[in-house]
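Asker: Can you read through this structure? Questions will come right after.
The values are calculated or read from the model by the stated rules, or taken from the named source; none is laboratory data. As the structure is a computational prediction, the values presented were derived from the model and not from experiment. Using ideal geometry, Cβ is built from the backbone for each residue, glycine included, and neighbour counts are taken over all protein chains shown. Each accessible area value is taken on the protein alone, full model and side chains, heavy atoms only, with ligands, DNA and RNA left out. Shrake-Rupley method; radii C 1.70, N 1.55, O 1.52, S 1.80 Å.
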Amino acid sequence: MDKFIDEAVNYLQEAEHAVVFTGSGISAESGISTFRGEDGLWERYNPEEVASIYGFRKNPAAFWHFARDLFLKSTAFPNPGHEALAQLEKMDVIKAVITQNIDMLHQKAGSQNVLELHGSLDKVDCLNCTREFNWDHIASVLEKDCPVCESCGSKMLKPRIVFFGEALPAGTLKKAREETEKSDVFLVVGSSLEVYPAAGFPDIARYSGAKTILINKDITGLEDMFHTVIKGKAGEVLPRLAEACI
Ligand code: NAD
Ligand code: ZN
């Protein structure tokens, strides 16, 4: 593994526009389950029911039970992986973090330029009367019950995340593509790369001339797309990269 870490450090040190792409694997060490893989949430939940816009419209409570399992049991604190990425941005080594995660842990760790392809839990809207709620408020209600709009009584409270069956936010997607095309190093962390269009980014980066690096706990079967592959946990590998770049 050391050889691959050295290789990644060399790429990062020479980079002028390094960009990072993260999936749910980077938050696993914060106690948030991934969707796929060993112990993934799809072993216990039906994605059509709990994470699609059709399922949500039929039964919002099913989504909120799932959200409780996913986010309230976690420590919800950034781990050393998120912190190392924030440090690398401060050191001007990386220019942007593109993420599929909705947990806001990159921002909590101090990353500034974060492009959230699937939105975030930060705000929750009532689809009936348009009242807006903050996540912290909803999270406190969720500890006891499913949230209900305090103005109109509707259960149709939808977080500003992208459900299956919904389009990705066009402006963010455009910026993410631009960052990817501009990148000379493209580092993917903790993603099974199964969800499109985001999963196509490493190819876009490679064809634009970037060196591509993958850090993942398990083998994904997509290793051929990368110049360097580091098999390991994000919370252990990323701090080593950041330290070596100081
Ligand atoms: P995924 O669940 O499909 O894959 C996660 C990958 O991370 C797996 O390949 C796994 O081997 C790897 N992994 C697990 N622990 C790791 C660790 N400690 N270090 C490094 N790698 C590790 O996740 P995905 O590719 O992001 O895609 C699926 C969707 O899941 C996205 O749409 C995202 O919005 C959503 N999601 C988000 C969160 C979150 O916000 N934290 C949590 C679950 C799912
Ligand atoms: Zn309402």
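Asker: Of the residues 186, 201, 133, 226, which single one is open to solvent by less than 30 Å² (accessible area, probe 1.4 Å) and more than 23 Å from residue 103 (Cα to Cα)?
Answerer: Of the residues listed, the single one that is open to solvent by less than 30 Å² (accessible area, probe 1.4 Å) and more than 23 Å from residue 103 (Cα to Cα) is 226.
Asker: Name the one entry in 70, 157, 85, 142 that is under 27 Å from residue 189 (Cβ atoms), in contact (Cβ under 8 Å) with a residue 40 or more places away in the chain and either among the β-branched types (Val, Ile, Thr) or in contact with a helix residue (DSSP H, G or I) (Cβ under 7 Å, 6 or more places away or on another chain) (or both).
Answerer: Only one candidate passes the filter, namely 85.
Asker: So which pairs qualify, if the first residue must be in segment 219-238 and more than 21 Å from residue 184 (Cβ to Cβ), the second must be within 12 Å of ligand 1 (Cβ to nearest atom) and of a type in the set (Lys, Arg), the Cβ gap must be under 8 Å, and the two must be at least 6 apart or on different chains?
Answerer: 219/231; 231/217; 232/217; 233/217; 234/217
Asker: Specify the residue that is nearest to ligand 2 (Cβ to nearest atom); the eligible residues are those in segment 170-183 that are open to solvent by less than 50 Å² (accessible area, probe 1.4 Å) and in contact with a Leu (Cβ under 8 Å, 6 or more places away or on another chain).
Answerer: The residue in question is 172.
Asker: Moving on. Considering only residues of segment 121-135 that are under 15 Å from residue 60 (Cβ atoms) and assigned to a strand (DSSP E or B), which is nearest to ligand 1 (Cβ to nearest atom)?
Answerer: My answer is 121.
Asker: Of 52, 30, 24, which residue is more than 16 Å from ligand 2 (Cβ to nearest atom) and open to solvent by 30 Å² or more (accessible area, probe 1.4 Å)?
Answerer: Result of the check over 52, 30, 24: 24.
Asker: Still on this structure: Would you check if there is a residue in segment 72-79 being more than 20 Å from residue 233 (Cα to Cα), out of contact with any Gly (no Cβ under 8 Å at 6 or more places or on another chain) and either surrounded by fewer than 17 Cβ atoms within 10 Å (Cβ to Cβ) or not assigned by TED's automatic domain parsing to the domain that holds residue 235 (or both)? Step through it out loud before you land on a result.
Answerer: So the first thing to find is which residues in segment 72-79 are more than 20 Å from residue 233 (Cα to Cα), and the list is 72-73.
Subsequent filtering for residues that are out of contact with any Gly (no Cβ under 8 Å at 6 or more places or on another chain) retains 72.
Among the residues that remain, those that are also either surrounded by fewer than 17 Cβ atoms within 10 Å (Cβ to Cβ) or not assigned by TED's automatic domain parsing to the domain that holds residue 235 (or both) are: 72.
Checked against the condition, which is being more than 20 Å from residue 233 (Cα to Cα), out of contact with any Gly (no Cβ under 8 Å at 6 or more places or on another chain) and either surrounded by fewer than 17 Cβ atoms within 10 Å (Cβ to Cβ) or not assigned by TED's automatic domain parsing to the domain that holds residue 235 (or both), segment 72-79 yields at least one hit.
Asker: (1) free of Cβ contacts under 8 Å to residues at least 24 places away in the same chain; (2) in contact with a helix residue (DSSP H, G or I) (Cβ under 8 Å, 6 or more places away or on another chain); (3) within 16 Å of ligand 2 (Cβ to nearest atom): which one isn't true of residue 147, the others all being true?
Answerer: Unmet condition: (1).
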